[in-house]
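The values are calculated or read from the model by the stated rules, or taken from the named source; none is laboratory data. Note that the structure is a prediction, hence the values are computed from the model and not measured. All Cβ positions, glycine included, derive from the backbone under ideal geometry; neighbour counts span all protein chains shown.
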Amino acid sequence: MSEYRDRIADLAERSREDREAFEPPADPPAEAEALSYLRSGVGEVVAVYVEGRTGEFAAFDDVELSLLERALNDWLELYARCYGEEIDAEFTVREVAELVVATHDVTDVAQLLTHVPRRREQA
C-alpha cells in the first residue's frame, strides 16, 4: 500500500459516481463535458501515477493500480460517450501517462487512443 491510497480511492469513487450519473447528450458532442472528464479525471489519474513514479518512488500495489486503471478507463469511456461513441477502454495507466508526458496534451492522447472524435478524411 502506498502513500497515495486515499487519493486513489477518491479517484475511483469519483469515476464510479461520474459513470452512474452520466446522461448521454441529446445532441452530441458535449465537448465541454468531455474535456472535464479528461482534465479532472484522466489528468488527475496521470498526475498521481507520475508523482508516484518520480522523486520518492511509490510502489503501487495491485489494488491501487487496478483502481487507477478502472478510474482512467471509466473517464475515457465517458469522454467517448460525450461524442455519442461507445468504447470499451482497456488502457494501462502507464501507457496513458507516458503519452501525456510526451505530448503534454491529455486531449490529443484521448483522441489518439480512443479515436474519438474521428478525424476527418483529407480530400
| task | Output the number of residues of the stretch 28-83 satisfying the condition of being over 17 Å from residue 1 (Cα atoms), modelled with pLDDT of 95 or more and of a type in the set (Gly, Ala, Ser). | result | 10
| note | Going through the stretch 1-13 in order, the residues found to be without any contact (Cβ under 8 Å) to a residue 24 or more places away in the chain and exposed (fewer than 11 other Cβ atoms within 10 Å of the Cβ) are 6
| Is it the case that some residue within the stretch 59-75 is loosely packed, with under 14 Cβ neighbours inside 10 Å and touching an Asp or Glu at 6+ places or on another chain (Cβ under 9 Å)? | no
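How many residues does the stretch 1-40 contain that are acidic (Asp, Glu) and either more than 15 Å from residue 70 (Cβ to Cβ) or part of a loop (DSSP other than H, G, I, E, B) (or both)? Don't jump to the end; show me each part of the working.
At the first step, the residues of the stretch 1-40 found to be acidic (Asp, Glu) are 3, 6, 10, 13, 17-18, 20, 23, 27, 31, 33.
From what is left, the residues that are either more than 15 Å from residue 70 (Cβ to Cβ) or part of a loop (DSSP other than H, G, I, E, B) (or both) are 3, 6, 23, 27, 31, 33.
Adding up the residues that qualify gives 6.
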| message | If I ask for residues that are under 23 Å from residue 5 (Cα atoms) and not hydrophobic (A, V, I, L, M, F, W, C), which ones from the stretch 84-115 would you list? | response | 90, 92, 94, 95, 98
| task | Tally the residues that are aliphatic (A, V, I, L, M) and in contact (Cβ under 8 Å) with a residue 60 or more places away in the chain, restricting the search to the stretch 93-108. | result | 1
| message | Exactly one of these conditions fails for residue 90: (1) surrounded by 13 or more Cβ atoms within 10 Å (Cβ to Cβ); (2) touching a helix residue (DSSP H, G or I) at 6+ places or on another chain (Cβ under 8 Å). Give me its number. | response | (1)
| task | Report, by residue number, each residue of the stretch 41-85 that is free of Cβ contacts under 8 Å to residues at least 60 places away in the same chain, touching a Ser or Thr at 6+ places or on another chain (Cβ under 8 Å) and of a type in the set (Phe, Trp, Tyr). | result | 60, 79
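Each row is one residue, and each column tells you yes or no for (1) of a type in the set (A, V, I, L, M, F, W, C); (2) within 19 Å of residue 100 (Cβ to Cβ).
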| site | (1), (2) |
| --- | --- |
| 3 | no, no |
| 16 | no, no |
| 26 | yes, no |
| 32 | yes, no |
| 51 | no, yes |
| 61 | no, no |
| 79 | no, yes |
| field | Residue list for the stretch 14-33, filter: within 13 Å of the chain's Cα centre (by Cα) and in contact (Cβ under 8 Å) with a residue 60 or more places away in the chain | value | 15, 18
